[in-house]
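**Student:** Following this message is one structure expressed as structure tokens.
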């Protein structure tokens, strides 16, 4: 079981969670815990099991094996009780486009049984948070993506839940709107809200207190962004700059001492067993292929480098098993 972060109180506990759909295992013995006021990011490719795990923790799916406790409540035994203590944003936009901003807020207020003056107060907070003052009567279908997502977040927290599940909340949203959305998440965490958020954006992992890397239903690694980087890649990472990347990739891929090569923009990231040896030998090999302009330098791995390597290794291990 992962050590609880935050203030030491576990808001979410997953213990050996398994979810099978017939012969397919979507979640494979996943265990972790999340503390009060902690932001944990779920990172993984499509089909990794992120959404299925979140749906189990929300009480929307029953686990095949294992146990989940959210807000001190056993999810399998009392899913309705769990849903009273959480906010949830699905990866698909969940508001009603043919209703106005205020009508959506009132509708969700009714679902969460928030009424009267308290509802008015929380609706005003949601509108201010979403930056929609003056647009209260606008149809949601007419709003830009960033406004829609902030409004959806406002609807999800109308009842002030202590735990928030966000399933790819910034997918398809422009960078500025994503940044503001994360500012809202951090303000909620500062008030003690525990947040579990899945995302495909590696830069968003840097905003989390801890990151869970998931592949093929398995928890590959978990830790703070700095911890994951410090664990390293089991080798040295080099940056290769060259005018003809395709030729450089073909020249060094499969070379002794080269463990992996990946394209990053207009450069290559080259994972090698020994950086000193590689910086001596690779330029010679590249020059022999007519690529004397290639430039190599040692770099610090990013979370994306760590993720690619760990996922690749876990995929190979999964196939071997």
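**Student:** Might you check whether a residue that is modelled with pLDDT of 90 or more and touching a strand residue (DSSP E or B) at 6+ places or on another chain (Cβ under 8 Å) occurs anywhere in region 173-186?
**Tutor:** Yes, region 173-186 contains at least one residue that is modelled with pLDDT of 90 or more and touching a strand residue (DSSP E or B) at 6+ places or on another chain (Cβ under 8 Å).
**Student:** Sticking with this structure for a sec: Does region 77-90 hold any residues that are assigned to a loop (DSSP other than H, G, I, E, B) and surrounded by 15 or more Cβ atoms within 10 Å (Cβ to Cβ), and which are they? Full working, then the answer.
**Tutor:** Quick first cut of region 77-90, residues assigned to a loop (DSSP other than H, G, I, E, B) only: 77-78, 84-85, 90.
Listed by number, the residues that qualify are 85, 90.
**Student:** Within the bounds of region 139-162, is there any residue that is more than 24 Å from residue 103 (Cβ to Cβ), assigned by TED's automatic domain parsing to the domain that holds residue 109 and in contact (Cβ under 8 Å) with a residue 12 or more places away in the chain? Break it down into steps so the answer makes sense when it comes.
**Tutor:** Our first condition is that a residue be more than 24 Å from residue 103 (Cβ to Cβ); within region 139-162, this holds for 162.
Subset that is assigned by TED's automatic domain parsing to the domain that holds residue 109: 162.
Restricting the remaining residues to those that are in contact (Cβ under 8 Å) with a residue 12 or more places away in the chain gives 162.
Looking through region 139-162, at least one residue is more than 24 Å from residue 103 (Cβ to Cβ), assigned by TED's automatic domain parsing to the domain that holds residue 109 and in contact (Cβ under 8 Å) with a residue 12 or more places away in the chain.
**Student:** Sticking with this one: Name the strands (runs of 3 or more DSSP E) wholly within region 6-63 that hold at least 1 residues that are assigned by TED's automatic domain parsing to the domain that holds residue 210 and on the phi > 0 side of the Ramachandran plot?
**Tutor:** Values: elements: 10-21, 24-35, 39-43.
In region 6-63, the matching strands (runs of 3 or more DSSP E) lie at 10-21, 24-35.
**Student:** Further question on the same structure: Evaluate region 113-121: report whether one residue or more is assigned by TED's automatic domain parsing to the domain that holds residue 17, surrounded by fewer than 14 Cβ atoms within 10 Å (Cβ to Cβ), in a loop (DSSP other than H, G, I, E, B) and more than 27 Å from the chain's Cα centre (by Cα).
**Tutor:** yes
**Student:** Residue check, residue 133 against (1) touching a helix residue (DSSP H, G or I) at 6+ places or on another chain (Cβ under 7 Å); (2) surrounded by fewer than 21 Cβ atoms within 10 Å (Cβ to Cβ); (3) outside any helix (DSSP H, G or I); (4) in contact (Cβ under 8 Å) with a residue 12 or more places away in the chain, all met but one. Which one?
**Tutor:** Of the numbered conditions (1) touching a helix residue (DSSP H, G or I) at 6+ places or on another chain (Cβ under 7 Å); (2) surrounded by fewer than 21 Cβ atoms within 10 Å (Cβ to Cβ); (3) outside any helix (DSSP H, G or I); (4) in contact (Cβ under 8 Å) with a residue 12 or more places away in the chain, the odd one out for residue 133 is (4).
**Student:** Same structure, new question: Go through region 246-274 and report how many residues are part of a helix (DSSP H, G or I) and surrounded by fewer than 19 Cβ atoms within 10 Å (Cβ to Cβ).
**Tutor:** Just the residues of region 246-274 that are part of a helix (DSSP H, G or I), to begin with: 246-252.
With the extra rule that they be surrounded by fewer than 19 Cβ atoms within 10 Å (Cβ to Cβ), the set shrinks to 246-247, 249-250.
Final tally of qualifying residues: 4.
**Student:** Before we move on, is residue 34 in contact with a helix residue (DSSP H, G or I) (Cβ under 9 Å, 6 or more places away or on another chain), under 20 Å from residue 224 (Cα atoms), crowded, with 22+ Cβ neighbours inside 10 Å and at pLDDT 95 or above?
**Tutor:** Working: in contact with a helix residue (DSSP H, G or I) (Cβ under 9 Å, 6 or more places away or on another chain): no; under 20 Å from residue 224 (Cα atoms): yes; crowded, with 22+ Cβ neighbours inside 10 Å: yes; at pLDDT 95 or above: yes.
Here the answer is no, as residue 34 does not meet what is asked.
**Student:** Considering only residues that are under 23 Å from the mean Cα position of the chain (by Cα) and either over 20 Å from residue 228 (Cα atoms) or in the same structural domain as residue 41 (by TED's automatic domain parsing) (or both), which ones fall in region 264-299?
**Tutor:** 265
**Student:** Would you pick out the residues in region 222-236 that are modelled with pLDDT of 90 or more, surrounded by fewer than 20 Cβ atoms within 10 Å (Cβ to Cβ) and in contact with a helix residue (DSSP H, G or I) (Cβ under 7 Å, 6 or more places away or on another chain)?
**Tutor:** Result: 225, single match.
The values are calculated or read from the model by the stated rules, or taken from the named source; none is laboratory data. Here the structure is a predicted model, which is why all the values come from computation and not from measurement. Please note: Cβ atoms are built from the backbone with ideal geometry, for glycine as well, and neighbour counts cover all protein chains shown.
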